[in-house]
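The values are calculated or read from the model by the stated rules, or taken from the named source; none is laboratory data. Computed from a prediction, not measured in an experiment: that's the story for all the values here. Cβ atoms come from the backbone with ideal geometry, glycine included; neighbour counts cover every protein chain shown. Quick note on the areas: whole protein, heavy atoms, side chains included, nothing else; ligands and nucleic acids left out. Shrake-Rupley method; radii C 1.70, N 1.55, O 1.52, S 1.80 Å.
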Amino acid sequence: MTPVESIRREGGKEIVRRVKEALARVVNPNTGRSVVAGGQIGELKVDGEGSATFVFSLRKGDPGVLVRQARAAAQGVEGVRRVRVNVQLPQSAPAENTAPGGRTAPAGGTTAAAGPAGARGAGGGLRPGSVPAPTPSPDALAGVKRVVAVSSGKGGVGKSMVATNLAALAASRGLATGLLDADIYGPNIPTMFGEGRRPAVTGAKGSEMIVPLEAHGVRLMSLGFLLEREQPAIMRGPLIAGILKQFMEQVEWGRLDLMIVDMPPGTGDAQLSLVQTVELDGAVMVTTPQKVATGDVRRGARMFERVNTRVLGIVENMCGFRIPGTAEIVDLFGRGGGETLANELKLPFLGRIPLDIEVRRSGDLGRPTVVSAPRSPAGRALSEMGDRLLGDLERLPPRR
Ligand SMILES: Nc1ncnc2c1ncn2[C@@H]1O[C@H](COP(=O)(O)OP(=O)(O)O)[C@@H](O)[C@H]1O
Ligand SMILES: [Mg+2]
């Protein structure tokens, strides 16, 4: 080892020590102990670039803000340029030696196991399905009358667009409405509502609550408000479900008539665990008209059946494009696939939303189409579809 390398290495150890010290000042209100002494921090590393990484083992009942406090503590250490936290849920299956993301210390990095969580933190592989979904406490969402998931077999079919407009429409009809963005693969609700602020935290120490942001009359919560850009890549189903649980229990939703959940695309374990985490009144499936897309929806409908969740209906999106300045309509992705499928599965067909440049335009403006272009073809179709769904919801028996 050259003297320079040696000095570097010493410096690396020093910064790890200081990060550990800072983390030791973060106290878990449930135990009264520091998160370091309590063994909740593991695999603490700081590389030569000042990038700090550690595993945070969240325990049952821990407030979600604890992770953010730990992140902030590490971030405050001189020489630390960025912080990456691998959150592990209490339910993580033990002793499988697959570290999440399989990260190794970068060249020149320094490693210190900061307590017993180091070993445990290395296990627990957050593979989808390896962990049971956390059960929300009975009073979570007690003040919410209806919870509706918007789901799709695959991404890019307009799920978030439908969720956004449903929520904005419900709010414009006088319903107290919340929108929970559970799509970790692409949390784009913040963009669609033109919201980039970080939500505030209120409440006494130990019982902090996140205050949802409000835009166009809709209370919003999204992973996009809380996470660093690169973080969603290390998220797996159980972790998502855990965060969703926190979004229900530790977000001050208040009394809501309707909560819309923008689900991650697909029908895998991540989606299944989400469905089991929330007590849903039902799900709306979004599809494009062509066969490949409807096949995915069929699988999605089956998934909901498996967990006894009612499918409230199917929305066919991106159907028909009117060539500007003419009356000619081109069915770019075909037509009728959603309706045919709804008939086949004996599910309500909720409506057809045309491809409309106003949808893209309003998305860019950070405004739901039903607000910014209510008289556009898509705006009108979305309102009709939404009103129909709101009517259907009124006729359902209460959630509990
Ligand atoms: N009916 C439509 N007309 C025009 N653009 C649309 C329409 N539906 C969705 N889009 C656009 O397609 C993209 C994907 O929609 P999005 O709602 O994000 O899909 P998902 O949530 O299913 O991945 C977005 O840029 C959205 O603005
Ligand atoms: Mg989306």
>> For the condition acidic (Asp, Glu) and more than 18 Å from the chain's Cα centre (by Cα), what is the one hit in 214, 195, 208?
In response: 208
> Got a sec? Which of 379, 351, 325 is of a type in the set (Gly, Ala, Ser) and part of a helix (DSSP H, G or I)?
Replying inline: 379
> Looking at 377, 348, which one is within 10 Å of ligand 1 (Cβ to nearest atom), surrounded by fewer than 21 Cβ atoms within 10 Å (Cβ to Cβ) and either over 17 Å from residue 163 (Cα atoms) or without any contact (Cβ under 8 Å) to a residue 60 or more places away in the chain (or both)?
Replying inline: 377
> Which condition does residue 210 not pass, out of (1) away from ligand 1 (no atom under 16 Å from the Cβ); (2) modelled with pLDDT under 85, if it passes all the others?
Replying inline: (2)
> Restricting attention to region 214-225, which residues are open to solvent by 30 Å² or more (accessible area, probe 1.4 Å) and part of a strand (DSSP E or B)?
Replying inline: 214, 219
> Could you list, in sequence order, the residues of region 188-213 that are among the charged types (D, E, K, R) and either touching a helix residue (DSSP H, G or I) at 6+ places or on another chain (Cβ under 7 Å) or crowded, with 16+ Cβ neighbours inside 10 Å (or both)?
Replying inline: 195, 198, 208
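Rundown of residues vs (1) within 13 Å of ligand 1 (Cβ to nearest atom); (2) charged (D, E, K, R); (3) over 11 Å from residue 368 (Cα atoms), yes/no style:
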{"residue": "155", "(1), (2), (3)": "yes, no, yes"}
{"residue": "161", "(1), (2), (3)": "yes, no, no"}
{"residue": "184", "(1), (2), (3)": "yes, no, yes"}
{"residue": "198", "(1), (2), (3)": "no, yes, yes"}
{"residue": "203", "(1), (2), (3)": "no, no, yes"}
> Residues 400, 298, 302, 306: which one is at pLDDT below 90, outside the structural domain of residue 174 (by TED's automatic domain parsing) and either among the hydrophobic types (A, V, I, L, M, F, W, C) or within 28 Å of the chain's Cα centre (by Cα) (or both)?
Replying inline: 400
>> Testing residue 359 on (1) touching a strand residue (DSSP E or B) at 6+ places or on another chain (Cβ under 9 Å); (2) in contact (Cβ under 8 Å) with a residue 40 or more places away in the chain; (3) more than 11 Å from ligand 1 (Cβ to nearest atom); (4) in a helix (DSSP H, G or I), one condition comes back false. Which one is that?
In response: (3)
>> Quick test for you: out of 320, 282, pick the one residue that is open to solvent by less than 10 Å² (accessible area, probe 1.4 Å), modelled with pLDDT under 90 and within 22 Å of residue 386 (Cα to Cα).
In response: 320
